[in-house]
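A.B. asks: Below you will find the structure I want to go over with you.
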Amino acid sequence: MSKEDVLKSNINSDLLRPVFKTGIGWYITVAISGSLLLAAMGAFGYQLYSGIGVWGLNRPVMWAFDITNFVFWIGISHAGTLISAILRVTGAEWRRPVTRCAEAITVFALMIGAMFPIVHLGRPYLFYWLAPYPNSRGLWPNYRSPLLWDFFAINTYLLGSLIYLYLPLIPDLALVRDKAKGLRHKIYSIASLGWRGTQVQWSRLEKAVGVMAVIIIPVAVSVHTIVSWDFAMTIRPMWHSTIFGPYFVAGAIFSGIAALIMAMAVIRKVFHLEAYLKPIHFNNLGLLLLTMSLLWFYFTFAEYLTSYYGNERVEKAVFQSKISGAYAPLFWAMVVCCFVIPMPILAIKKLRTISGTVAASALIVVGMWLERFLIIVPTLSQPALPFNWGSYRPTWVEITLTAGTFGYFVLLYAVFTKLFPIVAVWEFKEGLTLADHAGSVAEPQRLVAHGD
Amino acid sequence: MKRREFIVLTGVGAASTTLLSGCGNPENALIPALIPDDTYTPGIDYWKASTCALCSAGCGILVRTRERAANKIEGNPLHPVNKGALCARGQAGLQVLYNPDRVKGPMKRSGERGSGQFESISWDEAAKILVDRLADIRAKNGQASVAFSLGNTSNVNRIAAEHFMSSFGSERFISAPVSSDHDDLLFNGTGQRAVFDIANATYLLSFGARFLETWQSPVMYSLAYGEFRRGKNRRRGKFVMIEPRMSTTAANADEWLPAAIGTEGLLALAIAQVIIREKLTPNPVSPNVANGTLDEFAPEKTEADINLPAEKIVRIAREFAASERPLAIAGGAAALGDGESIRAVHFLNKLVGNLNMPGGVFEVEQFDPLAKLGTGKPIKWAPLSEKDGYEGGGSALLIHGMNPVFHSPQMTDRINAFQFIVSFSPFIDETTQLADLILPDHSYLESWDIQAATAHHTVWHADLRALQPTPTPYAAIASPAISPEFDTKQTADVLIDVSRQLGQPLPFESSEECVRKAVSEVRRAFGQAAEISDEDWKSLLESGVMTGDSKPSGSTSGLESAKAGDQPLAISTGEPKPSNDAYPFFVLAYEHAALGYGDHANLPWLQELPDPLTSVLWGSWVEINPKTAASLHIEDGDLVEVKTADGSLRLPAVLFPAIRPDVIAMPYGQGHTAYGQYAKGRGVNPATIAGPYWDAKKRFGVRASVAKAAGEAKLVRFGTSLPEKIDTPR
Amino acid sequence: MEEKVESKKPQWAMVIDLDRCTGCEACVVACHAENNIRIAGEGPAAGGRSVNWIRVERYYEGEYPDIRVKFMPVMCQHCEEAPCEPVCPVYATYHTDEGLNGQVYNRCVGTRYCANNCPYTVRFFNFLDPVWPEPLSKSLNPEVSVRYRGVMEKCTFCIQRIRKGEDKAKDEGREIRDGDVNPACVQSCTARAMTFGNIADPTSEVARLSKSGRASRLMEELGTKPRVTYLSRGD
Amino acid sequence: MRSWKVVLILLALAAVSVVFLSGIIGKPFEPAQPIAFDHWQHTSKQGEDTPKLECTDCHENADKSRFATIPNVSKCMICHETMKTESPEIQKLAAYSSRSEQPPWKRVYWIEKEADVFFTHKPHIRAGVDCTTCHGQVNQMHRVKRDVDHSMGWCIQCHRENRVSVDCSICHR
């Protein structure tokens, strides 16, 4: 057998192994990430009991870690759906082992990000007042508020992303169903929605996935644009900027790809999927990351240059606090993390290895978190009337909550890999088949889900 | 579990969309408040007139009460002093009434003296202890062995104390030893008072008088200042302030002149010299100054001492003399010593001839109908610091409205020497901690009182197109705004009670009767029937104010004959200031605008009120010029150690751009070791290094050193620390 | 029914004469007393959580010794085009027909977005429940809510006093007059630097003063149309 | 199998409707009062010697104050010093009066403190709103029960119908 053939024959066992076999490492991961999550839940409980005053917020810094995390995680969520959808729509073949991994990131990051608008409320138990529903008070939410736009945009995106994750999962769920026994078999039977792999089902799935891929792209773009409008619609210095929509979307994709690369590397290592997630994938995503890094730098430069050149008193105060003032260490760390180091790593072919791209990605994720923080806090701490300038220092509650989000993310991801094949089995097989029949006009032969 | 906690934990929040809910009936507790009686209707505001007791200015106030609780204090629009306005301190009076640290009832010492351990007793028991001990001490050591230390208190309490002491046979009254106040210095201790018509002045020179914050009657002068700036039918007045450290008052000045500390009198004479030599005033000048005897004070000769350029002094002199209605006032550091500076400043007024003129100085018309209620014998106040008052040994000290242990910690031992100490303080302050018996007074809002004086107003009379100086005698009556919150008793009533038990009853049965008698006296003075009908009495308690006929001001004899102007030469050329390497700076300890000298440190509203200039709250600080600080490597917010010959203090530094580089300044007010949760253990007490506030000579002449100290400073600010600029309306 | 929505509601406005203002802060304590403003305490105040619906801002100009200070009382400017209003997702802050920028504590969910969009930084958040030790709580004004944690608060132009004034005028069967209504800060002002009234009434004092040559509004360039007018000091 | 499912569904439905209906047809709040005061007898009972009082005769501050107020016992005793003194309930009343205490009346209508509502009786009386509009037919009740659900929507509806301001700060401040 050729190497290709070996691969083909091992596809199912390789890709389904994580679902059926559980190593000690998985338990350790779950234990660690779970305890981080528990700590964060404890912190949130404490916050609920005592009030949001247990955070380091003050006047004038009314948003800090909370909204930073919100924007950051919503940004990360752009990894997936958008990348997978764009690649799918453009028919990039190398996408195949990457898509599921990416889509899962989207859903989980979105779930985490979407928590923060509720968590950060002064009275979180009243979050449902944002929902338009008839009530005895005769009151409706305010449709002029960007926060309400957020409410709709995020919900739409979450729903779309879930569908977009779920649709391509169906054939693989059927695959697991066929391999599983007992209760598990029953659950997967329900989840796979009676998938039999018929030609009609395949074509409907293709169509649905195709439609969703097209729909999800504008939704994703709109979500982060609307998130950026939370800031851009205000009249605060360095928030009120027309560039914020594309700037945020670019930043989101930027951090999203970085997160994806890291997730892929971990999965590749842990589940021994070296044969599926190859250096080419890291190389290609690395190139994409390079593009985004350059784009991010361009936007950042444009944004700061206009502030600097405008030399307007209120804006200048914020600008200077970032460039040379109290926030300068964080600002320059951000520039280094997002551009100065990653750019050469990603630009030089020799360095664009798996470890190279992962290192760059890790820096970028940190850098982009800092970027969100630096958008929010310096502007808030330097209001127009200088008498009211303030500062901000996080408390353990906010730090725990932030750490908890990462724990939660890892936990969700670990559980996901336990339940579903993290590399889309059918898509991967489809790719191989397509490659085999390259040039053939015939209907590609399906590598049917059940049995081989 | 509170309902709110329940909501949070169950996560339903205000999910119940109805305002009413069926479970429980938590509002039942409110039912009693919903039942009216003859005197009271729930849900309706009642306004009660009283007199503010948070400083000595005596502004009229109205207390808003609802459901038998006081919830707001406002200025009484009918009161001639404050005309409805009221300062920050006055507004915070509610927290005197409802302070959680008030003494809830009479107490006697249960532990060691000074341990702060007391046990509650009944008023009967308290009175018995007081009577027995006083009788005992009198029997053993004679009548004079009882001393009454009386500080700021109501007239009713003071009159009662007078009678009590008189019947007891003791004349040992001890006052807060204010060495001599402004008017005493100006009038050479004749008891006459002066008032300044700032409202109509066109040019105001203030030599350290913080008339917008603490000086004399801040609300009255603030109202006048508003007119001075933007009154109708007049040009905006110019205000120049001379002060080593910019106070809030100086911050309002058009020009701030940081003359060297202690040279205010010198500067006044320099200005006078210019006015005389350039013949800027048409007024005749007394011969001994006209012939050039002031020449030694010429700006050119004194500019080095004053530390202001001579040209500036000459310019100020010319502006002052050329102005239509110039006025000079003196206070603060200028009220130093034996009055030389004040008289030198007042000489300027004489020079420009503004005595009893609109925009000038007025002698307050005497109006003291309450004198008839007293014993007739003038009280001989002995200053607290006088040694002979404290030989102790079997004598008793009754103390009311004073806290000498805090203001002058050095005095603790001498007070401790008294065998029996009775405090009437409503709070356990540092002095009360040493007491053997605490007989808590009512707060002023629960007390009876009456004040009588003359208000002077010169107002622009639009019809006559002229300024009308009109002194108006008035009396202000304070009746209890609410019934006593705790088991306290007005001191006058305690004294009435005790005197009766000692067999020497006072001439009135209660503090209310004292006020009624005083009202009769006032009515007599106003040419009305002494008897007052019930209806008039009721409406008087509501309005709080009775005014007599205004008549044009007349007497200037006091002002003319005051030393002012006749002997201005007594002033020495500058304070002796030996340069001192060990202590290179002057300490300026000043009165905190809100906390005063510390008597209001227990009011949380005032603690949380940002200082207007530094924006500091809840603590102490020391102001240092940024250049000085830079040379000492001190940064804003650093902990520094301030040392004088008397001791040292550690407190946070505030870089303050408006202070002389050779001066450091810190406010009085903090550093309490007792006095309740809001005051205790907060900041430092400058009295320990700069002397008590009444020791003016010491206060403005103490030398100190400053150095950075190790440790964390606790500096709380409301506004930013930066001396930033801004292009907003100015 | 007598209490109909009238076509001509009074339009409340304030004028602050910076030349009269002495920075004494009587208004600050008056506001605390009238509006049940919490005592933050030392720790929270150090953490930037003290509440002052009205504050006196202080700015220095010049260098020693030729230094001058500017005091400027700042409270909610009750902007006609208030930036805080559109961003609130639940209408907890909204514009009243009397031109006030209203704040409904009970409706507030605590997004703090309004505070972030306020260029004047006059909005204060209740990070924790207030502490009112007995019997200090007796001094609470029964006409004003005691805010709890999680809601935004700010100057209301003493809405309770406005209602009282309007009620009185209605009792007397007349239109509201100049001087009927004064917020606590205006009432207390020791130098009479503040004037309050109906700017829609051209004969009112505020209408007259707001047309003064010295008049300007804070950060007018933002287009917020503040209802508070400042009269500059001038020389 | 199928019938079992049907039964389950029906049971669930029944449970839900019980919960809902109990909310609607549940007994109104009708607390027992310390003295069995009969509003009907004082206001609506026809007869020679019945007082036929107006609401504001006893709740005398409704047109002056935020609160309508509950009459002081001394007010009750104005009449009951001599009237119906043999009744055990009046004897209870007299006992309170002689101790100069007020009966611990139970509130029937109130607004939760958390609602931050500053409802004021005075303008409603001035506008001629009938007491029964908000309090139900108390004049026909022997023992007062809560007849009207004072939800915010209910307040607003009435304000809208009568073209009264619905500005939030009319009630919330």
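A.B. asks: Exactly one condition in (1) within 17 Å of A:Ala102 (Cα to Cα); (2) touching a Ser or Thr at 6+ places or on another chain (Cβ under 9 Å); (3) surrounded by fewer than 16 Cβ atoms within 10 Å (Cβ to Cβ) is not met by A:Ile243; state its number.
C.D. replies: All conditions pass for A:Ile243, except number (1).
A.B. asks: Scanning region B:590-609 for residues that are within 12 Å of chain C (Cβ to nearest Cβ) and touching a Ser or Thr at 6+ places or on another chain (Cβ under 8 Å), which turns out most open to solvent (accessible area, probe 1.4 Å)?
C.D. replies: B:Ala593
A.B. asks: Could you list, in sequence order, all residues of region D:121-146 that are in contact (Cβ under 8 Å) with a residue 40 or more places away in the chain, buried (at least 18 other Cβ atoms within 10 Å of the Cβ) and assigned to a loop (DSSP other than H, G, I, E, B)?
C.D. replies: Residues satisfying the conditions are D:Met141, D:Val144, D:Arg146.
A.B. asks: Any chance you could count how many residues in region A:74-103 are surrounded by 24 or more Cβ atoms within 10 Å (Cβ to Cβ) and aliphatic (A, V, I, L, M)?
C.D. replies: Adding up the residues that qualify gives 8.
A.B. asks: Sort out which residues of region B:122-146 are open to solvent by less than 20 Å² (accessible area, probe 1.4 Å) and closer than 18 Å to B:Asp497 by Cα, and write them in order of number.
C.D. replies: Selection gives B:Ala126, B:Ala127, B:Leu130, B:Val131, B:Leu134, B:Val146.
A.B. asks: Taking C:Cys88, is it open to solvent by 10 Å² or more (accessible area, probe 1.4 Å), more than 7 Å from chain A (Cβ to nearest Cβ) and over 14 Å from the mean Cα position of the chain (by Cα)?
C.D. replies: Working: open to solvent by 10 Å² or more (accessible area, probe 1.4 Å): yes; more than 7 Å from chain A (Cβ to nearest Cβ): no; over 14 Å from the mean Cα position of the chain (by Cα): yes.
No.
A.B. asks: Which helices (runs of 4 or more DSSP H) does region A:134-227 wholly contain that include 2 or more residues that are under 28 Å from A:Pro18 (Cα atoms) and open to solvent by less than 10 Å² (accessible area, probe 1.4 Å)?
C.D. replies: Working: elements: A:146-166, A:169-179, A:182-191.
Of the helices (runs of 4 or more DSSP H) lying wholly inside region A:134-227, those with at least 2 residues that are under 28 Å from A:Pro18 (Cα atoms) and open to solvent by less than 10 Å² (accessible area, probe 1.4 Å) span A:146-166, A:169-179.
A.B. asks: B:Ser149 passes all but one of (1) open to solvent by less than 30 Å² (accessible area, probe 1.4 Å); (2) more than 30 Å from B:Phe196 (Cβ to Cβ); (3) away from chain C (no Cβ under 14 Å); (4) at pLDDT 90 or above; which number fails?
C.D. replies: (4)
A.B. asks: Right, here's the next one. Among residues belonging to region B:475-531 that are open to solvent by 10 Å² or more (accessible area, probe 1.4 Å) and of a type in the set (Phe, Trp, Tyr), point out the one that is modelled with the highest pLDDT.
C.D. replies: It comes out as B:Phe486.
A.B. asks: Here's another thing I want to ask about it. Could you please find all residues in region C:191-213 being in contact with a helix residue (DSSP H, G or I) (Cβ under 9 Å, 6 or more places away or on another chain) and open to solvent by 40 Å² or more (accessible area, probe 1.4 Å)?
C.D. replies: Within region C:191-213, the subset in contact with a helix residue (DSSP H, G or I) (Cβ under 9 Å, 6 or more places away or on another chain) is C:191-202.
Result: C:Arg192, C:Ile199, C:Ala200, C:Asp201, C:Pro202.
A.B. asks: I would also like to ask the following. Within region D:57-71, which residues are surrounded by 16 or more Cβ atoms within 10 Å (Cβ to Cβ), in contact (Cβ under 8 Å) with a residue 40 or more places away in the chain and either charged (D, E, K, R) or part of a helix (DSSP H, G or I) (or both)?
C.D. replies: Selection gives D:Lys64, D:Arg66.
A.B. asks: Also, quick follow-up: Got a sec? Which of D:Ser97, D:Ser74 is open to solvent by 30 Å² or more (accessible area, probe 1.4 Å), modelled with pLDDT of 90 or more and within 13 Å of chain B (Cβ to nearest Cβ)?
C.D. replies: Values: D:Ser74 fails: modelled with pLDDT of 90 or more.
Just one listed residue meets the conditions, D:Ser97.
A.B. asks: Report the residue count in region B:681-716 for those that are basic (Lys, Arg), in a loop (DSSP other than H, G, I, E, B) and open to solvent by 40 Å² or more (accessible area, probe 1.4 Å). Walk me through how you get there before you give the answer.
C.D. replies: Restricting attention to region B:681-716, the residues satisfying the condition of being basic (Lys, Arg) are B:682, B:697-699, B:703, B:708, B:714.
The next check asks that each one be in a loop (DSSP other than H, G, I, E, B); those that pass are B:682, B:714.
Next cut, open to solvent by 40 Å² or more (accessible area, probe 1.4 Å) only: B:714.
Of the residues in region B:681-716, 1 are basic (Lys, Arg), in a loop (DSSP other than H, G, I, E, B) and open to solvent by 40 Å² or more (accessible area, probe 1.4 Å).
A.B. asks: Could I ask something else about it? Mind counting the residues in region D:161-173 that are open to solvent by 30 Å² or more (accessible area, probe 1.4 Å) and either closer than 30 Å to C:Ile37 by Cβ or more than 10 Å from chain C (Cβ to nearest Cβ) (or both)?
C.D. replies: Number of matching residues: 4.
A.B. asks: So, in region B:412-449, of the ones that are closer than 30 Å to B:Ile477 by Cβ and among the small types (Gly, Ala, Ser), which residue ends up farthest from the chain's Cα centre (by Cα)?
C.D. replies: So the residue we want is B:Ser423.
A.B. asks: Could I ask something else about it? Output the number of residues of region B:240-268 satisfying the condition of being more than 10 Å from chain C (Cβ to nearest Cβ) and in contact with a Cys (Cβ under 9 Å, 6 or more places away or on another chain).
C.D. replies: The qualifying residues number 0.
A.B. asks: Just to verify a result, which residue in region A:23-53, among those that are facing chain C (nearest Cβ under 8 Å) and either closer than 24 Å to A:Leu370 by Cα or touching a Ser or Thr at 6+ places or on another chain (Cβ under 7 Å) (or both), is surrounded by the fewest Cβ atoms within 10 Å (Cβ to Cβ)? Break it down stepwise before answering.
C.D. replies: Keep residues of region A:23-53 that are facing chain C (nearest Cβ under 8 Å), which gives A:50-53.
Of the ones still in play, those that are also either closer than 24 Å to A:Leu370 by Cα or touching a Ser or Thr at 6+ places or on another chain (Cβ under 7 Å) (or both) are A:52-53.
Details: A:Ile52: 25, A:Gly53: 22.
Among those that are facing chain C (nearest Cβ under 8 Å) and either closer than 24 Å to A:Leu370 by Cα or touching a Ser or Thr at 6+ places or on another chain (Cβ under 7 Å) (or both), it is A:Gly53.
A.B. asks: Cβ-Cβ under 8 Å, sequence separation 6+ or interchain: first residue in region B:478-491 and among the aromatic types (Phe, Trp, Tyr), partner in a strand (DSSP E or B). Which pairs?
C.D. replies: Partner pairs satisfying both residue conditions: B:Phe486/B:Arg102.
A.B. asks: Can I ask one more? Listed residues C:Glu42, C:Glu98; which is open to solvent by less than 10 Å² (accessible area, probe 1.4 Å) and within 8 Å of another protein chain (Cβ to nearest Cβ)? Can you show your working first?
C.D. replies: Numbers: C:Glu42 fails: open to solvent by less than 10 Å² (accessible area, probe 1.4 Å).
C:Glu98 is the lone residue from the list that is open to solvent by less than 10 Å² (accessible area, probe 1.4 Å) and within 8 Å of another protein chain (Cβ to nearest Cβ).
A.B. asks: Right, something else. So, in region A:324-357, of the ones that are under 16 Å from A:Phe299 (Cα atoms) and of a type in the set (Val, Ile, Thr), which residue ends up most open to solvent (accessible area, probe 1.4 Å)?
C.D. replies: The qualifying residue most open to solvent (accessible area, probe 1.4 Å) is A:Val340.
A.B. asks: For region B:423-436, give me each residue that is in contact (Cβ under 8 Å) with a residue 40 or more places away in the chain and farther than 25 Å from B:Glu512 by Cα. I'd like the intermediate steps shown before the answer.
C.D. replies: Initial filter on region B:423-436 (in contact (Cβ under 8 Å) with a residue 40 or more places away in the chain): B:424-430, B:432-436.
Hits for region B:423-436 are B:Ile428, B:Asp429, B:Glu430, B:Thr432, B:Gln433, B:Leu434, B:Ala435, B:Asp436.
A.B. asks: Let me ask something else about it. Go through region A:181-218 and give me each residue that's in contact (Cβ under 8 Å) with a residue 24 or more places away in the chain and hydrophobic (A, V, I, L, M, F, W, C).
C.D. replies: Across region A:181-218, the qualifying residues are A:Trp195, A:Trp202, A:Leu205, A:Ala208, A:Val209, A:Met212, A:Ala213, A:Val214, A:Ile215, A:Ile216, A:Ile217.
Each row is one residue, and each column tells you yes or no for (1) open to solvent by less than 10 Å² (accessible area, probe 1.4 Å); (2) in contact (Cβ under 8 Å) with a residue 40 or more places away in the chain; (3) more than 7 Å from chain C (Cβ to nearest Cβ); (4) of a type outside the set (Lys, Arg).
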position	(1), (2), (3), (4)
B:Arg68	no, yes, yes, no
B:Glu74	no, no, no, yes
B:Pro80	no, yes, yes, yes
B:Cys87	no, yes, no, yes
B:Gly93	yes, yes, yes, yes
B:Tyr98	yes, yes, no, yes
B:Pro106	yes, yes, yes, yes
B:Ser110	no, no, yes, yes
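A.B. asks: Do the conditions hold for B:Gly114, that is, is it assigned to a loop (DSSP other than H, G, I, E, B) and over 27 Å from the mean Cα position of the chain (by Cα)?
C.D. replies: Numbers: assigned to a loop (DSSP other than H, G, I, E, B): yes; over 27 Å from the mean Cα position of the chain (by Cα): yes.
So B:Gly114 fits the description; yes.
A.B. asks: To continue, here is another question. Exactly one of (1) farther than 18 Å from B:Thr39 by Cα; (2) in contact (Cβ under 8 Å) with a residue 40 or more places away in the chain is unmet by D:Lys52. Its number?
C.D. replies: Answer for D:Lys52: the failing condition is (2).
A.B. asks: Within region B:599-680, which strands (runs of 3 or more DSSP E) (wholly inside it) include 1 or more residues that are out of contact with any Leu (no Cβ under 6 Å at 6 or more places or on another chain) and within 23 Å of C:Val56 (Cβ to Cβ)? Outline the logic, then answer.
C.D. replies: On the way: elements: B:622-624, B:639-644, B:647-655, B:663-667.
Once the strands (runs of 3 or more DSSP E) in region B:599-680 are filtered for at least 1 residues that are out of contact with any Leu (no Cβ under 6 Å at 6 or more places or on another chain) and within 23 Å of C:Val56 (Cβ to Cβ), what remains is B:622-624, B:647-655, B:663-667.
The values are calculated or read from the model by the stated rules, or taken from the named source; none is laboratory data. These numbers were taken from a predicted model, which means no experiment stands behind them. Neighbour counts are summed over all protein chains in view; Cβ atoms, including those assigned to glycine, are modelled from backbone coordinates with ideal geometry. Heads up: the accessible areas ignore ligands, DNA and RNA and are worked out on the full protein's heavy atoms, side chains in. Shrake-Rupley method; radii C 1.70, N 1.55, O 1.52, S 1.80 Å.
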